[in-house]
1. Within the stretch 218-236, which residues are within 16 Å of L174 (Cα to Cα) and either outside the structural domain of G137 (by TED's automatic domain parsing) or part of a loop (DSSP other than H, G, I, E, B) (or both)?
2. Starting from residues that are surrounded by fewer than 19 Cβ atoms within 10 Å (Cβ to Cβ) and of a type in the set (S, T, N, Q), keep the ones in the stretch 254-286 and report whichever is modelled with the highest pLDDT.
3. Quick check, is A169 assigned to a loop (DSSP other than H, G, I, E, B), in contact (Cβ under 8 Å) with a residue 24 or more places away in the chain and exposed (fewer than 15 other Cβ atoms within 10 Å of the Cβ)?
4. State which residue is nearest to the ligand (Cβ to nearest atom) when the search covers only the stretch 1-59 and only residues that are over 18 Å from the mean Cα position of the chain (by Cα) and not in a loop (DSSP other than H, G, I, E, B).
5. Criterion first (of a type in the set (A, V, I, L, M, F, W, C), modelled with pLDDT under 95 and closer than 15 Å to A107 by Cβ) does L22 satisfy it?
6. Got at least one residue in the stretch 64-85 being within 12 Å of the ligand (Cβ to nearest atom) and either outside the structural domain of T165 (by TED's automatic domain parsing) or in a helix (DSSP H, G or I) (or both)?
7. Among the residues of the stretch 97-156, how many are away from the ligand (no atom under 13 Å from the Cβ) and among the small types (G, A, S)?
8. Could you list, ordered by first residue, the pairs with Cβ atoms under 7 Å in which the first is in the stretch 50-61 and assigned by TED's automatic domain parsing to the domain that holds H88 and the second is among the charged types (D, E, K, R) and surrounded by 12 or more Cβ atoms within 10 Å (Cβ to Cβ), at least 6 apart or interchain?
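The values are calculated or read from the model by the stated rules, or taken from the named source; none is laboratory data. Keep in mind that what you see is a predicted model, and the values were worked out from it rather than measured. Cβ sites come from the backbone with ideal geometry, for glycine too, and all protein chains shown count toward neighbours.
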Amino acid sequence: MGTTTYTYLYGPVPSHRLGRSLGIDLVPYKICSYDCIYCQLGSIGSTIVTRKKYADNDRILEELQRKLSDHSQPDFISLAGSGEPTLHSGIGELIRRIKMLTTVPLAVLTNGSLLWLPEVQEDLMAADLVLPSLDAGDPTTFQQANRPDSSISFDQMVQGLIDFTGRFAGEVWLEVLLLAGISDDEPSVRRIAKLVERIKPARVQLNTVYRPPAESFACGVTHGQLCHLSSLFSGLVDCISDAPAPAAATESTGLSHQDEIIAFARRRPCTIHDLSTGLNLHLNDVLKQVRLLTDSGSLIEIAGKRGYFGVPPAVDILTKSCN
Ligand code: SF4
């Protein structure tokens, strides 16, 4: 049995940040308040800030109950998705019901853009861990990197991060993604670090672009540079590595899904969407498995065809055009 029987759940998948993470997708593909240039899901050129019931909480709880009785316990249950999970207006009720169902810690991965809304802050209060993003230290870089909905101001977004972190009883781990030529110079990073001092997260997770981004000009910095820049932050800072996440890479149903993906891609170059619909696998499951396969060199992005993956000729290695 695979994840074909689950509409909202995917994994558990190995995650650098959360160990074995059981994902719950709360919004449809690219329902998001940002249109980040580095988004691995691609760009649809539009943004959404209207909160509504995007997911069926009863169904999610039923799937979760089934999953937890089937498998060994994950390290985290993660509310994330193919977009921004706080846009699901039922997220607060869902978190409270999950906490009644299991003792597995619950994390929310959010871009943080709506944390200034009191109702969103309230909704996340029962979570154990919240992982918002901050990719810019000024409004111009914010526009360049995240391309937010026109209703979202930089100052309001930052104030939301400060207010929420001050109120939240659990931990906040702030992800900062640095982009080459956009936010990797010392003055830019110092501006972000200054805001981090006001936000006061439990830790900062420094990240960069490692996977095919929405835009070809969204390029990553080297891991060495990332670690060098980490010295500009005070407090706990992790440098997220490009290396495959440890353990569990082939556990659960992962191995057979990887075989299916390779077999499919061997027939013709395909996108993440092609794989998801063609194999009837959850989009996020495909995304995670494709990451593992590209890390191991079993799958490559087709040169000159952004977002298309194929099986490499014996010695071909994917080369990135950013430098
Ligand atoms: S916030 Fe996440 S899902 Fe939304 S555009 Fe940015 S990277 Fe993509």
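1. If the condition is that a residue be within 16 Å of L174 (Cα to Cα) and either outside the structural domain of G137 (by TED's automatic domain parsing) or part of a loop (DSSP other than H, G, I, E, B) (or both), then F233, S234, G235, L236 are the ones that fit.
2. Taking the candidates together, the pick is T271.
3. Details: assigned to a loop (DSSP other than H, G, I, E, B): yes; in contact (Cβ under 8 Å) with a residue 24 or more places away in the chain: yes; exposed (fewer than 15 other Cβ atoms within 10 Å of the Cβ): yes.
Judged against the criteria, A169 is a match.
4. K52
5. On the way: of a type in the set (A, V, I, L, M, F, W, C): yes; modelled with pLDDT under 95: yes; closer than 15 Å to A107 by Cβ: yes.
Yes; evaluated as a whole, the condition is true for this residue.
6. Looking for residues that are within 12 Å of the ligand (Cβ to nearest atom) and either outside the structural domain of T165 (by TED's automatic domain parsing) or in a helix (DSSP H, G or I) (or both), one finds at least one in the stretch 64-85, hence yes.
7. 7
8. Partner pairs satisfying both residue conditions: N57/E93; N57/R97; L61/R97.
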